[in-house]
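The values are calculated or read from the model by the stated rules, or taken from the named source; none is laboratory data. Just so it is clear, the structure is predicted and the values come from calculations on it, not from any experiment. Neighbour counts are summed over all protein chains in view; Cβ atoms, including those assigned to glycine, are modelled from backbone coordinates with ideal geometry. Accessible surface areas use protein heavy atoms only, side chains included; no ligands, DNA or RNA. Shrake-Rupley method; radii C 1.70, N 1.55, O 1.52, S 1.80 Å.
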Amino acid sequence: SASPGVTVILRDFPEGPEHDVAATARSFSSLPGVPVLVATEVAPYPPVVPLPPGVTLLPLRPEPHRAPPRPELAVGTRHVALVPDGARAVPGLLRRMRDLLEASEVATVRVVVAPVGRVRPRCWEAEVDVKAWTVSDHHAGHPAGHPGDLCGALDGAPAVLLLRTCDLFSLPFPLSRPVLTSLSLQASLRGWRLLLLPDSFPLAPRPPPTAHGQWKARNSLEKQRRALMEQFGLKLELLPDGRQRWHGCTKDTPRCFGTIHAQTPQYLLAGRWTPPCCLRALRATARHVVAELEAAGVRYWLEGGSLLGAVRLGDLIPWDYDVDLGLYQEDLPKCRWLAAVLATGRPVEDSEGFLWEKAAEGEFFRVHFSRTNRLHVDLWPFYPRAGGVMTKDSWLGHRQDVEFPESFLLPLVPVAFAGAVAKAPHDPRAFLEFKFGPGVIENPEYPNPEVRRL
């Protein structure tokens, strides 16, 4: 029942006095039959009063004294254009964008894009891996036979985005900022393409920003981007030049998941694997602990799922949430950090900020990434009993948590693990099949298949 035509939504504009909302709104509302909405959590400041005729403020933040925001009900046209701050209208260009969208022979073209100003947005391919909490950025090709470039995603410069109203509001985050990044990521998950036109809208001239103004703009954009990645559940961006942009946990923040029940982290129940920032922290902790044990002459070996990951991948299993090492109980005092914990009964922070402590759950030890971030390596002290069998004093009831012949450890051998080399039983397959059962290397499974199967 929507009427023909295009509604303009102004969404991306600065929160301070540098905004150009009034002039941008006035320019587009001067086009015949084009309603303009200013969508915002907080009304523009300094205030735009009065708003030009044909322009409506669209509050997005819920307020206790009015009905919840329903921005989709404010748009009565079949098409909508998301317009950045400072753009100026060009007669007929919105209509041409709409006609190109409807005439496109490529069914996946759902967004038509026109640059604002002289700088064109960068055309790229976004590969969003929800399970791995990661987005990869690849350079895009430019197929011939179209009135512009077909892109999987865009960024780097302002642009007007035109799409069908029903498509925009079918997205879970239709008006999240930065608009271009948000829409690009959601489009990539749905296989949509963005048609980038050679035509452009003018960008209003402005005085050069002050150093403080530039800092504020950068800070605001980075804050929006971090919030967007948090909203989308993305912890890592892989950039085309090989750089990585992280949005997840660090030594100074808690880990990305809470207490684990039935060996099944919450992220597994959500159909995801371990956040990459957590894997990074686990690798760093494992490398650090291994280096300390090696330097101290402690006999240790990879245990359980950690050994399984080393044999399968030379790394952590992608859904693992800790690292397990066995060690000879009599060697505990050789490591200065373990000796300090034994002597005082209290946690000890080492010179690199890793926290060594005795586990509350039993007679074993734990090394945390930091005091704040409790991603950890568990250290299990074993000792030989009569008959050459390795045993220990704490058992957690896991299927693989069993006694085993000491002969598996004579000798220990090096294996690749987590970007370094660690010690392992000399016949890892036999050791793993003794603990987990036949075929465990070739048949991956989550820690507790009764709760969640791979």
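Any residue in segment 339-356 that is closer than 19 Å to R255 by Cβ and among the hydroxyl-bearing types (S, T, Y)?
No - not one qualifying residue is present in segment 339-356.
Name every residue in segment 1-27 that is out of contact with any helix residue (DSSP H, G or I) (no Cβ under 8 Å at 6 or more places or on another chain) and either on the phi > 0 side of the Ramachandran plot or not β-branched (V, I, T) (or both), in order of residue number.
S1, S3, P4, G5, P17, H19, D20, A22, A23, A25, R26, S27
Could you tell me how many of the residues in segment 315-336 are over 30 Å from the mean Cα position of the chain (by Cα), open to solvent by 30 Å² or more (accessible area, probe 1.4 Å) and closer than 26 Å to L279 by Cβ?
Counting residues in segment 315-336 that are over 30 Å from the mean Cα position of the chain (by Cα), open to solvent by 30 Å² or more (accessible area, probe 1.4 Å) and closer than 26 Å to L279 by Cβ gives 0.
Hey, can you tell me all the residues within segment 265-281 that are touching a Cys at 6+ places or on another chain (Cβ under 6 Å), buried (at least 24 other Cβ atoms within 10 Å of the Cβ) and assigned to a helix (DSSP H, G or I)?
Within segment 265-281, C278 is the sole residue that qualifies.
Looking at A295, A284, which is the one that is open to solvent by 70 Å² or more (accessible area, probe 1.4 Å), of a type in the set (G, A, S) and under 16 Å from F354 (Cβ atoms)?
One residue alone meets the criteria, A295.
Name every residue in segment 328-344 that is within 11 Å of K358 (Cα to Cα) and not hydrophobic (A, V, I, L, M, F, W, C), in order of residue number.
Of everything in segment 328-344, just one residue is within 11 Å of K358 (Cα to Cα) and not hydrophobic (A, V, I, L, M, F, W, C), namely T344.
If I go through segment 15-56 residue by residue, how many of them are under 35 Å from the mean Cα position of the chain (by Cα) and either buried (at least 18 other Cβ atoms within 10 Å of the Cβ) or not assigned by the TED database to the domain that holds P207 (or both)?
The total comes to 11.
Tally time: how many residues in segment 1-14 are over 17 Å from L161 (Cβ atoms) and surrounded by 15 or more Cβ atoms within 10 Å (Cβ to Cβ)? Steps first, answer last, please.
Residues of segment 1-14 that are over 17 Å from L161 (Cβ atoms), as a first pass: 1-4, 14.
Next cut, surrounded by 15 or more Cβ atoms within 10 Å (Cβ to Cβ) only: 14.
Qualifying residue count, segment 1-14: 1.
Is it the case that R164 is among the basic types (K, R) and either more than 27 Å from the chain's Cα centre (by Cα) or farther than 30 Å from C277 by Cβ (or both)?
Yes: the conditions hold for R164.
Out of G233, G242, report the one residue that is farther than 21 Å from A157 by Cβ, surrounded by fewer than 17 Cβ atoms within 10 Å (Cβ to Cβ) and in contact with a Phe, Trp or Tyr (Cβ under 9 Å, 6 or more places away or on another chain).
The match here is G233.
If you scan segment 416-433, which residues turn out to be buried (at least 18 other Cβ atoms within 10 Å of the Cβ) and outside any loop (DSSP other than H, G, I, E, B)?
Of everything in segment 416-433, those that are buried (at least 18 other Cβ atoms within 10 Å of the Cβ) and outside any loop (DSSP other than H, G, I, E, B) turn out to be F417, A422, K423, A424, P425, P428, F431, L432.
Tell me, yes or no, whether segment 246-261 has at least one residue that is part of a helix (DSSP H, G or I), open to solvent by less than 70 Å² (accessible area, probe 1.4 Å) and either assigned by the TED database to the domain that holds F173 or not aliphatic (A, V, I, L, M) (or both).
At the first step, the residues of segment 246-261 found to be part of a helix (DSSP H, G or I) are none.
Checked segment 246-261: no residue is part of a helix (DSSP H, G or I), open to solvent by less than 70 Å² (accessible area, probe 1.4 Å) and either assigned by the TED database to the domain that holds F173 or not aliphatic (A, V, I, L, M) (or both).
Can we say E41 is among the acidic types (D, E) and either under 18 Å from V179 (Cα atoms) or modelled with pLDDT of 90 or more (or both)?
Criteria met by E41.
Pairs needed: first member in segment 103-123, free of Cβ contacts under 8 Å to residues at least 60 places away in the same chain; second member anywhere, open to solvent by less than 40 Å² (accessible area, probe 1.4 Å) and assigned to a strand (DSSP E or B); C-beta distance under 6 Å; at least 6 residues apart or different chains.
Qualifying pairs under 6 Å: R122/D155.
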